[in-house]
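The values are calculated or read from the model by the stated rules, or taken from the named source; none is laboratory data. Note that this is a predicted model, so its numbers are computed, not measured. Positions of Cβ are generated from backbone atoms using ideal geometry, with glycine treated the same way; all protein chains shown enter the neighbour counts.
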2 protein chains.
Amino acid sequence: MASKPSIPKGTRDFSPSEVAKRQYIIQIIKSNFEKFGFQPIETPSFENSDTLMGKYGEEGDRLIFKILNSGDYLAKANASHLENKDSTKLTSSISEKALRYDLTVPFARYVVQHQNEIEFPFKRYQIQPVWRADRPQKGRFREFFQCDADVVGSKSLWQEVELVQLYDAVFTDLGLVGATIKINNRKILSGIAEVIGASDKLIDFTVALDKLDKIGEEGVKKEMIEKGINEGAIEKVQPLFNFTGTITEKIEKLSQLLAASSEGMKGVEELRFICENVLKLGLNSAVLDLDVTLARGLNYYTGAIFEVAPPKTVAMGSIGGGGRYDDLTGIFGLKNMSGVGISFGLDRIYLVVEELSLFPETVTATSKALFINYGDKEAFYAMQAIQKLRALGVKVELYPENAKVGKQFQHADKRGIPYAVIIGEDEMKTNSYAIKNLVTGEQVVIDFENLKSTLL
Amino acid sequence: MASKPSIPKGTRDFSPSEVAKRQYIIQIIKSNFEKFGFQPIETPSFENSDTLMGKYGEEGDRLIFKILNSGDYLAKANASHLENKDSTKLTSSISEKALRYDLTVPFARYVVQHQNEIEFPFKRYQIQPVWRADRPQKGRFREFFQCDADVVGSKSLWQEVELVQLYDAVFTDLGLVGATIKINNRKILSGIAEVIGASDKLIDFTVALDKLDKIGEEGVKKEMIEKGINEGAIEKVQPLFNFTGTITEKIEKLSQLLAASSEGMKGVEELRFICENVLKLGLNSAVLDLDVTLARGLNYYTGAIFEVAPPKTVAMGSIGGGGRYDDLTGIFGLKNMSGVGISFGLDRIYLVVEELSLFPETVTATSKALFINYGDKEAFYAMQAIQKLRALGVKVELYPENAKVGKQFQHADKRGIPYAVIIGEDEMKTNSYAIKNLVTGEQVVIDFENLKSTLL
């Protein structure tokens, strides 16, 4: 191979400092998942194709990475599809497995497959990569991690309350203040559709309404009319054009607006329960907001809908989302399993934490000291100390070669190692260690006890 | 989908307790990697096919999982291979990416691609899954984790010394006493080949010699002769048939045996340096042994060869291995980069730790307490305590529904949760909590401070 090697587009290598920062975020998410009673599971990277195909719509099917069958895969290939060069139809006869596209469908599959071993309600979390053959662009990758927490087997709205708290707990640990947890409810949207008398226009309606800040009330109404929503209908939901105030006030407005829709009123009651309890219990770092334009996952969410926006000072899309889906496992034949869950967007949270300089300095900490190598006798003396220090949990290293001293110090410098330990004949004779602080330049000769306490 | 869903053969779902146990082992490996100065990197799950193909021999190429190109892949398919239904030849025109087969080739690719950003010697570790289209069998999977630590850019034998210590440190933290770290050296094997005058018979020779315990000296010699090694040659390496004693004694024997082979003598000196320093510095849990039949990775290792056997009480193959390869990155055009590394076999170490009952009981610890749900008012009171406890890092849960109390206690029991907290009107009035130890059955009513100290 003559040319410099590369990696497939949309994928990434992570350097040591990037891995350390990602692990820092993952560790905070993980420990909060566990504090909230979620238990980890892991599922295989690839699933049988029929587990995944048909679950994400036609576009989703296209974006699933398929794995070519091993061996003489053409032997079993469908002859007519092959002859017609019909790629789409041929696939199922030459590929039986596919890389997972998200963690939700594999979770539903897991629940159904292991239903007899699972104690319900089952609170599971899963932090694993997923793959999508999306066109790569800034911030969108073909391999990325999802961090999901879901509860299956209970319709209790306390779950929604806790999921909002879970977001808040993670952001608090990250030092991320001012994220907005937006909440809406599928039933509120159904209620609005009922009131405007056009459920097929619901998306057009919410998309237009979402532009209120940008194009003003008249602009929004103009767009709605262009989309075929009639003026009388728009009139009926007039309060949504001045939808401000506290959450409690907003819920009151919705309650009046949707009075005629029993579905809508159910949504109002659910929202009221969740929001009231969240607010009474209090949030530490995030802000809860009711956003009726939030129509995320309209096709599968049946109750609460969540989406998290980063602090307003950071220009970026949502850093998390989730909701309630009444029939999580129905696709695999297990009925009446309500699920509710949230997801953390690791890549975007990383960018937000980076932009706001919230990574602790220690996160990328490498070894605490480099022992300079003056030859095998000195190296052996160094290794005796290194061995004891490591047993105490201290990260220390011996420079492997008896190279020029300048080169060894340069190595410590480039690696960001804060101390160098220098051992010459004098130190060996007196059972001591010369330790140099590479930041201040200060150098002292100390015994092992002091070396230990300096590096611990 | 009517039938119960399943996963592809050779893959696994991991339940919460399995994930916890795997994470426990991974965490110990990871923290020791870092104590020894190794830094983490991560590479993409799939690589460009030309990065992987041709690196693992013909058999390896066959076992690499190929990813089908997205979209109309047949449009670019090689027409004549398609017509001839030649699966093997067609692959490269319909698949450009493949799942990584190990972590070594992606590491070599990483080093070459990022050579200008890397400070050498580069000590990296990598803990990620790999995929092989192997025939699944007991203990062999199509998706499994590798845990690798390698140093690239230094020929210093201190690295080998440290890698032996690294194995020992991990086993010590796992409480795994009595593993045998077997060491050999490619140059010793070359020396033996030279002495027996048949380098093409080297594998036959070591395989036969390895059976000494089972079939005795005469049996081994018989097999060697059957394999075409002549009696005179066997005579010359007679000391290998009585190759016992301390490591130092074994090295002495080799030194006499291989005196005529300069390559062999180089191997002896390398072994001597590594073993002497390891022994002088001392191991805590593992035993070092010199095994001249160890011929692992004969095709690519050029210096030290390692293989780790579990304690003799456990019947299982090797739980780790590694060695020195003088030209790690040459395949990608970067010459003269010596590498040395070791790998931990996570799945087998898991089985050994399980068999010897070395997992701490706390490893699968779920929530510390389940708060019984008597209705929304009580649940709110419970949530106030839960929120404070979680902020202190305590794992606690509210049973989400106001279900029958018996069912809630049963849930705690099945989940292995040790305490139930019961809140009724009395507790709410007196600002207290009834806490029941589900193991002893003891129940007391306490205030929040005592609740906290009980659960912390």
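Structure data summary
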read-out	value
Subset of the stretch B:63-86 (residues that are within 7 Å of another protein chain (Cβ to nearest Cβ) and closer than 14 Å to B:Asp50 by Cα)	B:Phe65, B:Lys66, B:Ile67
Condition met for B:Gly37 (facing chain A (nearest Cβ under 7 Å), touching a residue at least 40 places away in the same chain (Cβ under 8 Å) and over 18 Å from the mean Cα position of the chain (by Cα))	yes
Of the criteria (1) assigned to a helix (DSSP H, G or I); (2) within 22 Å of A:Thr91 (Cα to Cα); (3) facing another protein chain (nearest Cβ under 9 Å); (4) among the charged types (D, E, K, R), which one B:Lys89 fails	(3)
Number of positions in the stretch A:285-316 that are surrounded by 17 or more Cβ atoms within 10 Å (Cβ to Cβ), of a type in the set (Val, Ile, Thr) and farther than 17 Å from A:Arg348 by Cβ	4
In the stretch A:87-101, the residues that are farther than 15 Å from A:Phe332 by Cβ and within 17 Å of the chain's Cα centre (by Cα)	A:Tyr101
Extreme residue, farthest from the other protein chains (Cβ to nearest Cβ), among residues of the stretch B:327-354 that are acidic (Asp, Glu) and in contact (Cβ under 8 Å) with a residue 40 or more places away in the chain	B:Glu354
All positions within the stretch B:41-86 that are aliphatic (A, V, I, L, M) and surrounded by 13 or more Cβ atoms within 10 Å (Cβ to Cβ)	B:Ile41, B:Leu52, B:Met53, B:Leu63, B:Ile64, B:Ile67, B:Leu68, B:Leu74, B:Ala77, B:Leu82
Which numbered condition A:Asp447 fails, given (1) charged (D, E, K, R); (2) out of contact with any Ser or Thr (no Cβ under 9 Å at 6 or more places or on another chain); (3) surrounded by fewer than 18 Cβ atoms within 10 Å (Cβ to Cβ)	(2)
Helices (runs of 4 or more DSSP H) within the stretch B:148-239 that include 3 or more residues in contact with a Ser or Thr (Cβ under 7 Å, 6 or more places away or on another chain) and within 23 Å of B:Leu271 (Cβ to Cβ)	B:186-196
In the stretch A:299-323, residue modelled with the lowest pLDDT [restricted to those that are closer than 14 Å to A:Arg186 by Cβ and of a type in the set (Ser, Thr, Tyr)]	A:Tyr300
Yes/no for B:Glu401 being buried (at least 17 other Cβ atoms within 10 Å of the Cβ) and in contact with a Ser or Thr (Cβ under 6 Å, 6 or more places away or on another chain)	yes
From A:Lys266, A:Lys280, residue being within 14 Å of chain B (Cβ to nearest Cβ) and over 22 Å from the mean Cα position of the chain (by Cα)	A:Lys280
Residue in the stretch A:383-401 that is farther than 18 Å from B:Leu281 by Cα, more than 9 Å from every other protein chain (Cβ to nearest Cβ) and either part of a helix (DSSP H, G or I) or out of contact with any Gly (no Cβ under 7 Å at 6 or more places or on another chain) (or both) present	no
Meets criteria (more than 7 Å from chain A (Cβ to nearest Cβ) and outside any helix (DSSP H, G or I)) for B:Gly10	yes
Residue under evaluation B:Ala365, criteria (1) within 11 Å of another protein chain (Cβ to nearest Cβ); (2) in contact with a Leu (Cβ under 8 Å, 6 or more places away or on another chain); (3) at pLDDT below 95, criterion not met	(2)
Selected residue [of a type in the set (A, V, I, L, M), free of Cβ contacts under 8 Å to residues at least 24 places away in the same chain and in contact with a helix residue (DSSP H, G or I) (Cβ under 6 Å, 6 or more places away or on another chain)] from A:Ala208, A:Ala169	A:Ala208
Within the stretch A:13-39, tally of residues that are touching a Lys or Arg at 6+ places or on another chain (Cβ under 7 Å) and either within 30 Å of B:Phe65 (Cα to Cα) or not in a loop (DSSP other than H, G, I, E, B) (or both)	4
Count of residues meeting criterion [buried (at least 24 other Cβ atoms within 10 Å of the Cβ) and facing chain B (nearest Cβ under 10 Å)] in the stretch A:127-155	3
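For every residue, the table says whether it meets (1) part of a loop (DSSP other than H, G, I, E, B); (2) modelled with pLDDT under 95; (3) surrounded by 13 or more Cβ atoms within 10 Å (Cβ to Cβ).
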site: B:Gly406; (1), (2), (3): no, no, no
site: B:His411; (1), (2), (3): no, no, yes
site: B:Ala420; (1), (2), (3): no, no, yes
site: B:Glu427; (1), (2), (3): no, no, yes
site: B:Ala434; (1), (2), (3): no, no, yes
site: B:Gly441; (1), (2), (3): yes, no, no
site: B:Leu451; (1), (2), (3): no, no, yes
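Yes or no, residue by residue, for (1) among the charged types (D, E, K, R); (2) without any contact (Cβ under 8 Å) to a residue 12 or more places away in the chain; (3) surrounded by 12 or more Cβ atoms within 10 Å (Cβ to Cβ); (4) closer than 24 Å to A:Asp200 by Cβ:
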residue: A:Asp213; (1), (2), (3), (4): yes, yes, no, no
residue: A:Gly216; (1), (2), (3), (4): no, yes, yes, no
residue: A:Ile225; (1), (2), (3), (4): no, yes, yes, yes
residue: A:Glu231; (1), (2), (3), (4): yes, yes, no, yes
residue: A:Glu235; (1), (2), (3), (4): yes, yes, no, yes
residue: A:Phe243; (1), (2), (3), (4): no, no, yes, yes
residue: A:Gly267; (1), (2), (3), (4): no, no, yes, yes
residue: A:Phe273; (1), (2), (3), (4): no, no, yes, no
